[in-house]
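The values are calculated or read from the model by the stated rules, or taken from the named source; none is laboratory data. Note that the coordinates shown come from a computational prediction; the quantities given were computed from them, not determined experimentally. We place every Cβ from the backbone using ideal geometry, glycine too, and count neighbours over all the protein chains shown.
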Amino acid sequence: MLNDAGLLDDFWVLLEHMLNTVLFTLGGAVWGTVIANGDSRVAFGGEDWGYLVVLYIMLTAIRLLLFVMVYPITIRIGLKTNWKETCFQVYGGLRGAVGK
């Protein structure tokens, strides 16, 4: 039996935030070690940087395509969006944590 739904929601939000913090801290530490040490076993060179740039461009392009495809629906279901907000969502979607 659930006594306080708000408390349960707050718990899951806090847990998600803490786990994201741990995940990105560990990921940053590993990434920093790979880049700073230049370990020959884990070589990260110019080709890999190129792949990262291509990945970023492709993710943004896919996100743009998805937003363009659903734009006719979003303007009709009461979200009151426009093309400027949609452009911001495409650009802003790959920045930071997802807002609640």
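Is it true that Tyr56 is touching a residue at least 12 places away in the same chain (Cβ under 8 Å) and of a type outside the set (A, V, I, L, M, F, W, C)?
Values: touching a residue at least 12 places away in the same chain (Cβ under 8 Å): yes; of a type outside the set (A, V, I, L, M, F, W, C): yes.
The answer is yes for Tyr56.
Just to be sure, is Val22 outside any loop (DSSP other than H, G, I, E, B) and modelled with pLDDT under 80? Working first, answer last.
Details: outside any loop (DSSP other than H, G, I, E, B): yes; modelled with pLDDT under 80: no.
Taking the combined requirement at face value, the residue does not satisfy it.
Restricting attention to the stretch 37-46, does a residue exist that is within 30 Å of Cys87 (Cα to Cα), among the polar types (S, T, N, Q) and either assigned to a helix (DSSP H, G or I) or free of Cβ contacts under 8 Å to residues at least 12 places away in the same chain (or both)?
The initial filter retains those residues of the stretch 37-46 that are within 30 Å of Cys87 (Cα to Cα), namely none.
No, there is no match, as no residue in the stretch 37-46 is within 30 Å of Cys87 (Cα to Cα), among the polar types (S, T, N, Q) and either assigned to a helix (DSSP H, G or I) or free of Cβ contacts under 8 Å to residues at least 12 places away in the same chain (or both).
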